[in-house]
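Report on the following structure.
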Amino acid sequence: GFSLQYHGIRYASWEKTRAPDFVKWVGEHLPTLGDQGMMVRYGQGIGQNIVTPGDIRAEIPLPGDIPYAGTLTYSLDWQSFNRNQATAFQTTVGVLGKESMAKAVQKFVHNDLGAGKDPKGCDTQRDSEPVLNFSYQHVRRLVQLGKFDNDWAGQMELAPGVLLGNLLTGAELVATLRGG
């Protein structure tokens with residue numbers, strides 16, 4: 001798949017952003033996105049994802065294998081951050097199924113560009129349906145190691161997150177240790 005994204009510059013507050021009023025309003029009213037002392041920015045993107053079963057030469061996916069599926073989506077995201085924490089909220093809308101144009105793209109890449117074998121079961125892809133998803137993640141730095149001044153430094157972060165919608169639903173807890 002692919003994703004083309006635009007992320008605006010950072011601002012000192014949602015009120016000062018050069019963004020549509022709706023974007024400012026969400027940023028100001030969603031908990032932890034409008035906290036004082038945080039830098040803020042928003043972004044948007046379009047993307048297409050294509051999922052295929054393990055054997056693309058089978059005309060019907062084998063039992064237990066994943067089905068052909070494609071999505072075409074538009075996402076809008078809000079971010080607030082400082083040196084110790086960051087919060088991100090994203091809403092995604094789009095379509096799953098034939099309208100995503102996944103079959104045409106996959107056939108083009110595999111057949112016209114010669115990047116793989118001819119996918120035989122594209123006609124069995126998931127039925128069409130609208131996509132609506134929300135995700136929320138809060139990252140907090142737990143430990144800072146060294147100084148960020150051209151010498152060795154690092155940090156340890158913890159980032160819980162939630163995804164809710166008809167495309168992805170779940171919860172995650174990510175721990176990161178970074179150094180350099």
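The values are calculated or read from the model by the stated rules, or taken from the named source; none is laboratory data. Quick caveat, the model's predicted, so the values are computed rather than measured. Neighbour counts are summed over all protein chains in view; Cβ atoms, including those assigned to glycine, are modelled from backbone coordinates with ideal geometry. Surface accessibility is based on the protein's heavy atoms, side chains included, excluding ligands, DNA and RNA. Shrake-Rupley method; radii C 1.70, N 1.55, O 1.52, S 1.80 Å.
Can you find even one residue in region 95-117 that is under 16 Å from the mean Cα position of the chain (by Cα) and either open to solvent by less than 80 Å² (accessible area, probe 1.4 Å) or of a type outside the set (Phe, Trp, Tyr) (or both)? The answer is yes, given that some residue of region 95-117 is under 16 Å from the mean Cα position of the chain (by Cα) and either open to solvent by less than 80 Å² (accessible area, probe 1.4 Å) or of a type outside the set (Phe, Trp, Tyr) (or both).
Contact annotation: residue pairs with Cβ atoms under 8 Å, 6 or more positions apart or on different chains, pairing a residue in region 22-41 that is within 14 Å of GLY8 (Cβ to Cβ) with a partner that is in a helix (DSSP H, G or I), are VAL40/GLY27. Of everything in region 47-94, what is among the β-branched types (Val, Ile, Thr) and either modelled with pLDDT of 90 or more or open to solvent by 60 Å² or more (accessible area, probe 1.4 Å) (or both)? Give them in sequence order. Answer for region 47-94, where residues must be among the β-branched types (Val, Ile, Thr) and either modelled with pLDDT of 90 or more or open to solvent by 60 Å² or more (accessible area, probe 1.4 Å) (or both): VAL51, ILE60, ILE66, THR71, THR73, THR87, THR91, THR92, VAL93. Just one of the numbered conditions (1) under 30 Å from ALA171 (Cβ atoms); (2) in a loop (DSSP other than H, G, I, E, B); (3) not aromatic (Phe, Trp, Tyr) is not true of VAL40: (2). Do we find a residue being within 24 Å of GLN5 (Cβ to Cβ) and free of Cβ contacts under 8 Å to residues at least 12 places away in the same chain anywhere in region 95-107? Yes: region 95-107 contains one or more residues that are within 24 Å of GLN5 (Cβ to Cβ) and free of Cβ contacts under 8 Å to residues at least 12 places away in the same chain. Scoring LEU132 on the criteria (1) open to solvent by 40 Å² or more (accessible area, probe 1.4 Å); (2) not in a strand (DSSP E or B) leaves a single failure, condition (2).
Quick grid of which residues meet (1) surrounded by fewer than 16 Cβ atoms within 10 Å (Cβ to Cβ); (2) among the hydrophobic types (A, V, I, L, M, F, W, C):
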position	(1), (2)
PHE2	yes, yes
GLY8	yes, no
GLU15	yes, no
GLY27	no, no
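Out of all the residues in region 51-93, which are without any contact (Cβ under 8 Å) to a residue 24 or more places away in the chain and either outside any loop (DSSP other than H, G, I, E, B) or of a type in the set (A, V, I, L, M, F, W, C) (or both)? Within region 51-93, VAL51, LEU62, ILE66 meet the criteria. Residue pairs whose Cβ atoms lie under 9 Å apart, sitting 6 or more positions apart in sequence or on different chains, and linking a residue in region 1-13 that is closer than 13 Å to ARG41 by Cα to a partner that is charged (D, E, K, R) and part of a loop (DSSP other than H, G, I, E, B), are GLY8/ARG18; ILE9/ARG18; TYR11/ARG18.
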